[in-house]
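The values are calculated or read from the model by the stated rules, or taken from the named source; none is laboratory data. Keep in mind that what you see is a predicted model, and the values were worked out from it rather than measured. No Cβ is skipped: glycine too gets one built from the backbone with ideal geometry, and neighbour counts run over all protein chains shown. We work out accessible area using only protein heavy atoms, side chains counted, and drop any ligands, DNA or RNA first. Shrake-Rupley method; radii C 1.70, N 1.55, O 1.52, S 1.80 Å.
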Amino acid sequence: NVFDMLRLRDGTLLIATGAGLASWGGRQLVRLQGTGLDGIRCNSLAQDSRGDIWVGTRQGVWVGRGGRFEARPVPGKTPGNVYQVLVHGEQVLAAGANGLWSFPVVGPPLPVSGPPGVGDPLRCAAFLPGELYLGTATQGLFVRRGEKWQSLTDQVQGRFIYRLTVAPSGILYVATNDAGLYVRKPGQRTFQHWDTSTGLPSEVVNLAFEDREGGLWVGTDIGGLAHLGGTQVSNYSDKQGLPNSCVFGISPGPTSDSLWVGTLQGLALLEVRPKPQVLEILDQQDGLENGLVWESATTRDGTLWIRTDTGVQYRPKGQKRVLSLKGAPFDSADVFAVRIDEQDRVWVTSSSRRCPVAMLDGSGPWRVWTQTESGVPIPSCRELAGRRAGGVFASAGLTILACDGNTVVEVGTTPGLDPGTGINTLLEDSRGQLWAGGVSGLTVRRTDGKWRTVTEEEGLTSRHIYSAAEDGKGVIWLGTTHGAFRLHPNGRIESVTPDDGLASWEMNEGAIWRDPAGDIWMGTINGLSHCRDVAQAPNQIPARMVVEAAALSGRTVDFPTGLNLDWKSRTVTFRVAVLSFRNRNRVGYRARLEGLESEWLPISRLPELRYTNLPPGSLRLLLQSTNDSGLWSDITALPIRVAP
């Protein structure tokens, strides 16, 4: 078992195990023997300013230098199990079965008073400016400010605090063995909670670690290792109570902290704050004619409108039963979309030419439009979107219609989309631009009335657009067949993928929504993703390059620093690794064999690079990696000598 790891100042990795110490250096794992700690379980490691190494063990505290360790016993007590040693300035703290102790450079350790009445083993400690945090095995988390201790069980419900970590970012991570992970950011007093309901694979958390790129790694018991590119995306699926993990339309719930979620097997009311929980599920037992719920919408009087795979139904406020429509001018099975506009009017589009657009305003029967104001017949209509000037926009093939409740006017035909296709995504943004997307791409009508197609060269690498929404910063979010995309007002396009925490690559139709708090919710085939703000600062850390091996005829050279090849071994396959984990799908490398190639090869994301029939003489393989923000690393050079 490995319980802790510490990178020493000379670059060696020291490893605490259940039977002593080991080290990793020069690509070799070595069990350290003759240290005095042979066969002793080592729990925790720390290195002080003098270079001394402190070890918390099952037999108390040990300190060493030069490979030899000696015990530092606590006066009057048995050694006891020390779970953590912590260096803070010139102070070394030890937390364990015998309480909390401070170890000076010389002399006996001094007891440090802990929280009153807390007698169970102290598991861990952490310092923040003006604060000392203390984790226990059964009584939760405590903090000392000044000389006063305070219990934090009202914020951190976990009672078994396994590890406390203060990351370079200043974030405090509280790993519990009974309630998941708690996170407190600098300047905040409250903790954010992560557990299985928000996507962790287990609530038994042993460690949280920030890598140099700001990525978070969470080590769990049984659930394995979880990697989060940030703590801004959380996911919900059937594991958190949704009737099905395949999520379609999302719409506001009865409160600002709730939303309706359409799924493959029913409609769920999800309360998102303060703690996410499913409050209600509507399915076929409640009157739904079909379990596949494409979308829902609620009028101000509380009437819930639901579009399933076989038609439109509604549920009056206060009732449990979902009812079927009667007296509507359209066939329920022909309906494509249902929307509620700002005037609280219900709009419906259908595939029927006798009722392509219909509206219900509560003051009378349904109103139907079969032609535009200029007398042009309206074919079947599909998508609906809110209109800032009042009413809705509707799509008829590649034509967009403006419907204000009195007239229907053509806005124009969308250029840039393939003929014969339709529009399944419409959005008018806060600047008055009109976005239209379908199976053949995305186009936008700017405020000057001109249309512009968004291209793959700009960064929109998926042409199949499912849905769109705008966040509070003017960023347009798109759901596609290949993840989500964020279109910034300055033209920059970023992808949002499972590397960022998205539940799946495949999004669903109509499944993006912005809640009143400004957060974005996205439905995928594998769950509902809640995105607070996945915008990350540019990655200023260059991606490291490693040539892991050079495969030759009949042999392999691991981690080569140079190659001497004979005339018969002129074919070589290099295995290349780019060591960046913030977004694996955005990193890559380029290569150039100096002496053979005058230009760099295109950026590659393949792990293998192959050259055949190398010419005799001196060559150099040049490699350069790029991280997810496009920052290039230094050039890695591998000399190659080919014999005549």
Inset, instruction - Test residue 432 against the stated conditions and say whether it is free of Cβ contacts under 8 Å to residues at least 24 places away in the same chain and either touching an Asp or Glu at 6+ places or on another chain (Cβ under 6 Å) or at positive phi (or both). - result: no
Legend entry - Which listed residue is outside any strand (DSSP E or B) and closer than 24 Å to residue 424 by Cβ, from 245, 256, 251: 245
Legend entry - Search result, residues across region 134-157 that are within 19 Å of residue 84 (Cα to Cα) and part of a loop (DSSP other than H, G, I, E, B): 137, 138, 139, 140
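On the given criteria, is residue 84 in a loop (DSSP other than H, G, I, E, B) and modelled with pLDDT of 90 or more? Full working, then the answer.
Details: in a loop (DSSP other than H, G, I, E, B): no; modelled with pLDDT of 90 or more: yes.
Taking the combined requirement at face value, the residue does not satisfy it.
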Legend entry - Residues satisfying the stated conditions in region 556-574, i.e. outside any strand (DSSP E or B) and open to solvent by less than 40 Å² (accessible area, probe 1.4 Å): 560, 562, 569
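Among the candidates 400, 378, 340, which residue alone is of a type in the set (A, V, I, L, M, F, W, C) and open to solvent by 10 Å² or more (accessible area, probe 1.4 Å)?
Working: 400 fails: open to solvent by 10 Å² or more (accessible area, probe 1.4 Å); 378 fails: open to solvent by 10 Å² or more (accessible area, probe 1.4 Å).
Testing whether each residue is of a type in the set (A, V, I, L, M, F, W, C) and open to solvent by 10 Å² or more (accessible area, probe 1.4 Å) leaves just 340.
Could you list, in sequence order, all residues of region 518-548 that are within 30 Å of residue 26 (Cβ to Cβ) and crowded, with 18+ Cβ neighbours inside 10 Å? Reasoning before the result, please.
Our first condition is that a residue be within 30 Å of residue 26 (Cβ to Cβ); within region 518-548, this holds for 539-548.
Hits for region 518-548 are 539, 543, 545, 547.
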Inset, instruction - Out of 107, 130, 67, report the one residue that is in contact (Cβ under 8 Å) with a residue 12 or more places away in the chain and either more than 27 Å from residue 146 (Cα to Cα) or open to solvent by less than 50 Å² (accessible area, probe 1.4 Å) (or both). - result: 67
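Let's see how each residue does on (1) in contact (Cβ under 8 Å) with a residue 40 or more places away in the chain; (2) under 30 Å from residue 585 (Cα atoms):
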residue	(1), (2)
217	no, yes
220	no, yes
227	yes, yes
246	yes, yes
271	no, no
283	yes, no
286	no, no
298	yes, no
319	no, no
Inset, instruction - Only residues that are open to solvent by less than 20 Å² (accessible area, probe 1.4 Å) and not in a strand (DSSP E or B): list them for region 409-451, please. - result: 414, 417, 423, 424, 429, 440
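Just name the residue that is nearest to residue 518 (Cα to Cα) out of those in region 452-467 that are part of a strand (DSSP E or B) and open to solvent by less than 10 Å² (accessible area, probe 1.4 Å).
Looking only at region 452-467, we keep the residues that are part of a strand (DSSP E or B), and these are 452-454, 465-467.
In the following step, the residues that additionally are open to solvent by less than 10 Å² (accessible area, probe 1.4 Å) were identified as 465, 467.
Working: 465: 22, 467: 17 Å.
Ranking the qualifying residues of region 452-467, first place goes to 467.
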Legend entry - Residue match in region 619-635 (condition: farther than 20 Å from residue 495 by Cβ, of a type outside the set (S, T, N, Q) and at pLDDT below 90): no
Legend entry - Cβ pairs under 8 Å, 6+ apart, first in region 468-482 and in contact (Cβ under 8 Å) with a residue 60 or more places away in the chain and assigned to a loop (DSSP other than H, G, I, E, B), second open to solvent by 10 Å² or more (accessible area, probe 1.4 Å) and of a type in the set (Phe, Trp, Tyr): none
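Anything in region 39-49 that is modelled with pLDDT of 90 or more, surrounded by fewer than 18 Cβ atoms within 10 Å (Cβ to Cβ) and assigned to a loop (DSSP other than H, G, I, E, B)? List them, or say none. Working first, answer last.
Start the filter on region 39-49 by keeping residues that are modelled with pLDDT of 90 or more, which leaves 39-48.
Narrowing the set further to residues that are surrounded by fewer than 18 Cβ atoms within 10 Å (Cβ to Cβ) leaves 39, 41, 47.
Within region 39-49, 39, 41 qualify.
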Inset, instruction - Could you please give the count of residues in region 266-286 that are surrounded by 16 or more Cβ atoms within 10 Å (Cβ to Cβ), touching a Ser or Thr at 6+ places or on another chain (Cβ under 8 Å) and not in a loop (DSSP other than H, G, I, E, B)? - result: 4
Inset, instruction - Please enumerate the residues belonging to region 589-644 that are outside any strand (DSSP E or B), small (Gly, Ala, Ser) and open to solvent by less than 40 Å² (accessible area, probe 1.4 Å). - result: 633, 643
Legend entry - residue 187 being out of contact with any Lys or Arg (no Cβ under 6 Å at 6 or more places or on another chain), open to solvent by 30 Å² or more (accessible area, probe 1.4 Å) and free of Cβ contacts under 8 Å to residues at least 12 places away in the same chain: yes
Legend entry - Within region 287-302, tally of residues that are of a type outside the set (Val, Ile, Thr) and in a loop (DSSP other than H, G, I, E, B): 9
Inset, instruction - Would you tally the residues in region 203-218 being open to solvent by less than 50 Å² (accessible area, probe 1.4 Å) and either in contact with a helix residue (DSSP H, G or I) (Cβ under 7 Å, 6 or more places away or on another chain) or part of a strand (DSSP E or B) (or both)? - result: 6
Legend entry - Filter result (farther than 20 Å from residue 160 by Cβ, not aliphatic (A, V, I, L, M) and not in a strand (DSSP E or B)) within region 87-106: 89, 90, 104
Inset, instruction - Out of the residues in region 357-375 that are under 17 Å from residue 299 (Cα atoms) and open to solvent by 60 Å² or more (accessible area, probe 1.4 Å), state the one that is nearest to the chain's Cα centre (by Cα). - result: 361
Legend entry - Residues located in region 363-397, provided they are in contact with a Phe, Trp or Tyr (Cβ under 7 Å, 6 or more places away or on another chain) and part of a strand (DSSP E or B): 384, 385, 392
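List the strands (runs of 3 or more DSSP E) that sit entirely inside region 487-533 and contain at least 1 residues that are at positive phi and in contact with a Ser or Thr (Cβ under 9 Å, 6 or more places away or on another chain).
On the way: elements: 493-496, 507-514, 520-524, 527-531.
In region 487-533, the matching strands (runs of 3 or more DSSP E) lie at 507-514, 527-531.
Listed here are the residues, each with its yes/no results for (1) among the aliphatic types (A, V, I, L, M); (2) touching a strand residue (DSSP E or B) at 6+ places or on another chain (Cβ under 8 Å); (3) modelled with pLDDT under 95.
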position: 200; (1), (2), (3): yes, yes, yes
position: 210; (1), (2), (3): no, yes, yes
position: 214; (1), (2), (3): no, no, yes
position: 217; (1), (2), (3): no, yes, yes
position: 227; (1), (2), (3): no, yes, yes
position: 254; (1), (2), (3): no, yes, yes
position: 273; (1), (2), (3): no, no, yes
position: 284; (1), (2), (3): no, yes, yes
position: 306; (1), (2), (3): yes, yes, no
Legend entry - Hits in region 1-38 (condition: modelled with pLDDT under 90, under 22 Å from residue 211 (Cα atoms) and of a type in the set (Gly, Ala, Ser)): 11, 25, 26
